[in-house]
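**Student:** Okay, here's the structure, questions in a sec.
The values are calculated or read from the model by the stated rules, or taken from the named source; none is laboratory data. Note that the structure is predicted; figures quoted are calculated from it, not measured. Neighbour counts are summed over all protein chains in view; Cβ atoms, including those assigned to glycine, are modelled from backbone coordinates with ideal geometry. The protein model used for the area step is the full one, side chains on, heavy atoms only, and it has no ligands, DNA or RNA in it. Shrake-Rupley method; radii C 1.70, N 1.55, O 1.52, S 1.80 Å.
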Amino acid sequence: AWWDRQTWLPQARVEVDADDGVVLSMVAQGIGMAILPQLTLTSVPAGVTVVPLEDDPPTRRVMHVTTEAAKHSMAVRELIRELRAGH
């Protein structure tokens with residue numbers, strides 16, 4: 001629904017399945033604009049302007065799935081800790 005309300009987005013667009021750093025580099029080179037997660041924008045190249053989205057930006061929910069046998073493993077517990085910390 002959020003995307004449908006964004007009449008300012010260009011009709012012609014290309015979806016790039018690349019690392020966010022690559023996308024930021026493309027924006028810095030003047031190739032276009034991008035909508036990226038806030039965590040990606042901790043180090044913005046010179047010449048790139050960050051403009052916050054409206055008051056109700058889209059969100060993404062991160063979840064994990066594991067097996068009963070692995071749910072108490074150190075690796076799974078560490079993953080859950082990191083996800084909860086927002087890293």
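Quick grid of which residues meet (1) more than 20 Å from V14 (Cβ to Cβ); (2) of a type outside the set (D, E); (3) at pLDDT below 80:
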{"position": "I31", "(1), (2), (3)": "no, yes, no"}
{"position": "L41", "(1), (2), (3)": "yes, yes, no"}
{"position": "V50", "(1), (2), (3)": "yes, yes, no"}
{"position": "A69", "(1), (2), (3)": "yes, yes, no"}
{"position": "S73", "(1), (2), (3)": "yes, yes, no"}
{"position": "R77", "(1), (2), (3)": "yes, yes, no"}
{"position": "E82", "(1), (2), (3)": "yes, no, no"}
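**Student:** Would you tally the residues in segment 3-15 being touching a residue at least 12 places away in the same chain (Cβ under 8 Å) and β-branched (V, I, T)?
**Tutor:** 1
**Student:** Of all the residues that make up segment 19-38, how many are touching a helix residue (DSSP H, G or I) at 6+ places or on another chain (Cβ under 6 Å) and closer than 16 Å to E54 by Cα?
**Tutor:** Looking only at that region, the number is 2.
**Student:** Give me a count of the residues in segment 11-23 that are surrounded by 13 or more Cβ atoms within 10 Å (Cβ to Cβ) and either in contact with a Cys (Cβ under 9 Å, 6 or more places away or on another chain) or part of a helix (DSSP H, G or I) (or both). Break it down into steps so the answer makes sense when it comes.
**Tutor:** As a first pass, look at segment 11-23 and keep what is surrounded by 13 or more Cβ atoms within 10 Å (Cβ to Cβ): 16, 20, 23.
From what's left, either in contact with a Cys (Cβ under 9 Å, 6 or more places away or on another chain) or part of a helix (DSSP H, G or I) (or both): 20, 23.
Looking only at that region, the number is 2.
**Student:** Counting only residues that are part of a helix (DSSP H, G or I), without any contact (Cβ under 8 Å) to a residue 24 or more places away in the chain and open to solvent by less than 80 Å² (accessible area, probe 1.4 Å), how many does segment 24-82 have?
**Tutor:** Within segment 24-82, residues that are part of a helix (DSSP H, G or I), without any contact (Cβ under 8 Å) to a residue 24 or more places away in the chain and open to solvent by less than 80 Å² (accessible area, probe 1.4 Å) number 11.
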